[in-house]
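The values are calculated or read from the model by the stated rules, or taken from the named source; none is laboratory data. The model shown is predicted, which means the values in this text are computed figures rather than measured ones. Here the Cβ positions follow ideal geometry from the backbone for every residue, glycine too, while neighbour counts run over all protein chains shown. Areas reflect the complete protein model, heavy atoms only, side chains present, ligands, DNA and RNA absent. Shrake-Rupley method; radii C 1.70, N 1.55, O 1.52, S 1.80 Å.
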Amino acid sequence: MTPKEKAKNIYNQMLKWVDNAHVYKERNIISTTAKQSALICVDEILEFHDRIDVKYWKEVKQEINKL
């Protein structure tokens, strides 16, 4: 999976979770929350840089920021 595909995948998972939670009513707020959640997820992964492909996850993070 490319970094761009992974970014969209993580974002969509977070968006689905937020949508299902019915916490927010406006789509723009939901989208922003999903994006921030996805970025938090990637930051957590980057903390374990010695055991993962850091370059790949940094590219995923850049792609999430582009969404």
Problem - Residue ID - nearest to M1 (Cα to Cα), chosen from residues in region 32-63 that are open to solvent by 100 Å² or more (accessible area, probe 1.4 Å) and over 12 Å from the mean Cα position of the chain (by Cα) - result: K55
Handout entry: Filter result for the condition that a residue is at pLDDT below 85 and either among the aliphatic types (A, V, I, L, M) or open to solvent by 90 Å² or more (accessible area, probe 1.4 Å) (or both), over K66, K8, K16
Key = K16
Practice task
Write out, first by first residue and then by second, each pair whose Cβ atoms fall under 6 Å of each other, whose residues are 6+ apart or on separate chains, and whose first residue, in region 37-53, is farther than 18 Å from N12 by Cα while the second is open to solvent by less than 90 Å² (accessible area, probe 1.4 Å).
Solution key: L46/W57
